[in-house]
Amino acid sequence: MIPVDLVLNSHAIAVLLLTALALFLFTRDWLPLETSSLFVLAALATGFELFPFVANGERIHAVDFFSGFGHEALVAVTALMIIGHALARTGALEPVGRTLTRLWEVAPKLSFLLTLIVGAVLSAFVNNVPIVILLLPILTSVSLRTKTPASRILMPMGFATLIGGMGTTIGTSTNLLVVSVAVSMGMAPFSMFGFILPVALSSLLAIMYLWLLAPKILPDRESELENASPRIFSAALHINQAGFSDGKTLQEIIEKTDDRVNITFVKRADNDTLTVPSRQMTLRAEDQLLVNDTPENLKTFEQLLDADLYSSDTKIDDDHPLQAEGQQLAEIIIAQGSPLLNTSVEKTRFADQYQLVILALHRSGSHTRQSMADITHAQLKVGDVLLVQGASEKIAELKQQGNILVLDATADLPHSQKAPLALIIMIAVVAIAALGIVPIAVSAVCGVLLLALTRCLDWKDMAQAVNAQIILIVAASLGLGVAMLETGAADALAVGFVHLTADLSVAMQLSGLMLLMAIMTNIVSNNAAAVIGTPIAIGIANQLGMPLEPFVLAVLFGANMSYATPMAYKTNLLVMTVGGYTFNDFLKVGIPLTIIMWLSLSFLIPLFYPI
């Protein structure tokens, strides 16, 4: 029996409680992740300033917890996000997309396998978000032409990019963070391809599963995809002065639509409140009917009820009319790097900027009162889909811009003369770091500078590429990691883990740690799980007298297994929206994939890193 000393000081207990609270807050939809991350930083800084703590004869100062903003890993993550955005923005990966499109027409089954492999390989060097954004319209378009249900292929593609990202130290922000934190705690640094072999072998099994079995598990939603716009949107029908609906009861409105309209709430013009509808309610001009339906039905209701299917705040004039010839409906998805992310329609002045009018909003898994009642002011999130209407040439222009993803994929991928240069810069950044000439943080920052000097991206594009959510969650997680280390909380958890698993072999203890991280990453942020788990893993290795590398890799691999829930990773939300998946779909496909990766890596880690 390993001796255990679980006596904790008051600061360690407070840090553990704050960590538990942070992990809870990170999973709350009603609280933005940025807000909960900033709360963690503020709580750490304030707490240690008001209640000083001395470790090894030195006091921990409040400003120590802000060091995460200047951490080497965060610098590298931010710079690589910008470089990845440059590849997508300039269309540098367009040749890959065109080649895959041609191959799909020749041999769909083999092309699907090649798509999975290409997605995985590219994601080992580039953030997987632009890779998924590149492949989503290609696979959606191919599915319609080949009569292959898109719901059978989109989720496997998304998971393949997550698997590929595990293979190098720069594949994901999680990898960079784990390695950086471990090195700062005394572990020898990994080379860029230091753990590629176990990942490659386990990925072979995973790719075979995604290629052969996952499509059979996923539902066939081909009948919905044949419809140009099957998604259900939340929209507002504005009652016009002296129009058909002005002065009518809801009973008359419902009868006018042959009982097809589904009115969820009525927003009164005089008090701006939401009212549960009753059939005897009489409508007045400027009232709003909040409805959920397909785009086709929404446009039908607009005509039948003589109502306007757009926000009353939207400016309708000669520059962007709704009644002109050549009008089209289009669906655009809010992806990472989109100029619409984390803002509202009102703030972006969408109609003025794009000459398109937003008609409705689709948000997977929820129809909140706020989003239905006021699309103009609703904060847009990754995975949201906006239904827009406007002139066909304006929709074509939107597609060509490259920073907003249009789901119908009828236009060519964005491309510019800067694409080869952006690709060369990316290759140089990776090669210089891989050869050990300079660290990845240095080469990536130099790469961003070259992108700016060569005008592959302007600073506005770079600002859009930087994800404030990732910056804050990384900084907060690093702060928690420092607190757990300095107060002894991480060591206490490590001792507790070793005590609970004392009857197991070291290999099983390592496997259990990886499974714990895999479960945690599907519930909270993968970066939070990684940064909090790394000092615990090193504490476990020290308790057992074992090398640090295998236990650090157990955390790294486990924290990357974001397969079982849609909220586990941002690309899961993108795929969920386009493929029309449900939460259960992710469970059915993601849990077996997690088991495959967990069991295979539990065998391979001790094989390559003896314990």
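Residue by residue through region 15-41, note down the ones that are surrounded by 19 or more Cβ atoms within 10 Å (Cβ to Cβ) and polar (S, T, N, Q).
19, 36, 37
If I filter region 261-278 for residues that are part of a strand (DSSP E or B), without any contact (Cβ under 8 Å) to a residue 12 or more places away in the chain and over 32 Å from the mean Cα position of the chain (by Cα), do I get at least one hit?
yes
For the list (1) touching a residue at least 60 places away in the same chain (Cβ under 8 Å); (2) over 30 Å from residue 485 (Cβ atoms); (3) buried (at least 22 other Cβ atoms within 10 Å of the Cβ), I need the number of the one condition that residue 182 fails.
Of everything listed in (1) touching a residue at least 60 places away in the same chain (Cβ under 8 Å); (2) over 30 Å from residue 485 (Cβ atoms); (3) buried (at least 22 other Cβ atoms within 10 Å of the Cβ), residue 182 misses just condition (2).
Kindly evaluate residue 288 against the criterion of being more than 24 Å from residue 397 (Cβ to Cβ), buried (at least 18 other Cβ atoms within 10 Å of the Cβ), at pLDDT 80 or above and among the polar types (S, T, N, Q).
yes
What number of residues in region 26-60 are of a type in the set (Asp, Glu) and farther than 19 Å from residue 341 by Cα?
Result for region 26-60: 2.
Looking at 76, 62, 124, can you tell me which residue is over 19 Å from residue 406 (Cα atoms), among the small types (Gly, Ala, Ser) and without any contact (Cβ under 8 Å) to a residue 24 or more places away in the chain?
After ruling out the rest, the residue left standing is 62.
Quick one: in region 413-437, which of the residues that are farther than 30 Å from residue 139 by Cα and touching a helix residue (DSSP H, G or I) at 6+ places or on another chain (Cβ under 6 Å) is surrounded by the fewest Cβ atoms within 10 Å (Cβ to Cβ)?
432
Can you run down the residue pairs with Cβ atoms below 9 Å, 6 or more apart or on separate chains, where the first is in region 460-481 and over 23 Å from residue 13 (Cβ atoms) and the partner is among the acidic types (Asp, Glu) and modelled with pLDDT of 80 or more?
What qualifies is 468/34; 469/34; 471/34; 472/34; 473/34.
Answer yes if at least one residue in region 390-410 is among the aliphatic types (A, V, I, L, M), surrounded by fewer than 19 Cβ atoms within 10 Å (Cβ to Cβ) and modelled with pLDDT of 75 or more, and no otherwise.
No; the residues of region 390-410 include none that is among the aliphatic types (A, V, I, L, M), surrounded by fewer than 19 Cβ atoms within 10 Å (Cβ to Cβ) and modelled with pLDDT of 75 or more.
Let me confirm something: among 575, 531, which residue is touching a helix residue (DSSP H, G or I) at 6+ places or on another chain (Cβ under 9 Å) and closer than 30 Å to residue 361 by Cα?
Criteria check complete, one pass: 575.
Can you work out which of the residues in region 543-552 that are out of contact with any Leu (no Cβ under 8 Å at 6 or more places or on another chain) and not acidic (Asp, Glu) is surrounded by the most Cβ atoms within 10 Å (Cβ to Cβ)?
Looking at the filtered set, the residue picked out is 552.
Among the numbered criteria (1) assigned to a helix (DSSP H, G or I); (2) farther than 30 Å from residue 179 by Cα; (3) of a type outside the set (D, E, K, R); (4) modelled with pLDDT under 80, which one does residue 148 miss?
It fails just one condition, (1).
Keeping to region 543-567, report how many residues are farther than 22 Å from residue 213 by Cα and in a helix (DSSP H, G or I).
Counting residues in region 543-567 that are farther than 22 Å from residue 213 by Cα and in a helix (DSSP H, G or I) gives 15.
Out of the helices (runs of 4 or more DSSP H) lying entirely within region 420-536, which hold 2 or more residues that are at pLDDT 85 or above?
Ranges flagged: 440-453, 468-487, 489-500, 506-521.
For region 568-599, how many residues meet the condition of being farther than 14 Å from residue 382 by Cβ and part of a helix (DSSP H, G or I)?
Qualifying residue count for the region: 18.
Please go through region 171-204 and pick out each residue that is hydroxyl-bearing (Ser, Thr, Tyr), in a helix (DSSP H, G or I) and over 22 Å from the mean Cα position of the chain (by Cα).
Result: 180, 184, 202.
Is region 558-574 home to any residue that is under 18 Å from the mean Cα position of the chain (by Cα), among the hydrophobic types (A, V, I, L, M, F, W, C), within 22 Å of residue 72 (Cβ to Cβ) and surrounded by 22 or more Cβ atoms within 10 Å (Cβ to Cβ)?
yes
Go through (1) touching a residue at least 60 places away in the same chain (Cβ under 8 Å); (2) among the hydrophobic types (A, V, I, L, M, F, W, C); (3) within 23 Å of residue 428 (Cα to Cα) for residue 138 and report which single condition fails.
Going through the list (1) touching a residue at least 60 places away in the same chain (Cβ under 8 Å); (2) among the hydrophobic types (A, V, I, L, M, F, W, C); (3) within 23 Å of residue 428 (Cα to Cα), residue 138 breaks only (3).
Considering only region 439-459, state which residues are over 14 Å from residue 176 (Cβ atoms) and in contact (Cβ under 8 Å) with a residue 60 or more places away in the chain.
Once the filter is applied, which keeps residues that are over 14 Å from residue 176 (Cβ atoms) and in contact (Cβ under 8 Å) with a residue 60 or more places away in the chain, region 439-459 yields 447, 448, 451, 456, 457.
Of all residues in region 251-269 being surrounded by fewer than 17 Cβ atoms within 10 Å (Cβ to Cβ) and basic (Lys, Arg), which is nearest to residue 304 (Cα to Cα)?
Among those residues, the one meeting the criterion is 260.
Run down 217, 131 and say which single residue is aliphatic (A, V, I, L, M), surrounded by fewer than 24 Cβ atoms within 10 Å (Cβ to Cβ) and at pLDDT below 95.
217
Could you count how many residues in region 83-97 are part of a helix (DSSP H, G or I), touching a residue at least 24 places away in the same chain (Cβ under 8 Å), of a type outside the set (A, V, I, L, M) and farther than 18 Å from residue 463 by Cβ?
2
Out of 80, 44, 139, 116, which single residue is surrounded by 19 or more Cβ atoms within 10 Å (Cβ to Cβ), touching a Leu at 6+ places or on another chain (Cβ under 9 Å), modelled with pLDDT under 85 and in a helix (DSSP H, G or I)?
That would be 139, the only listed residue that is surrounded by 19 or more Cβ atoms within 10 Å (Cβ to Cβ), touching a Leu at 6+ places or on another chain (Cβ under 9 Å), modelled with pLDDT under 85 and in a helix (DSSP H, G or I).
The values are calculated or read from the model by the stated rules, or taken from the named source; none is laboratory data. What you see is a predicted model; the values in this text were computed from it and never measured. Note: ideal-geometry Cβ built from the backbone for every residue, glycine included; neighbour counts use all protein chains shown.
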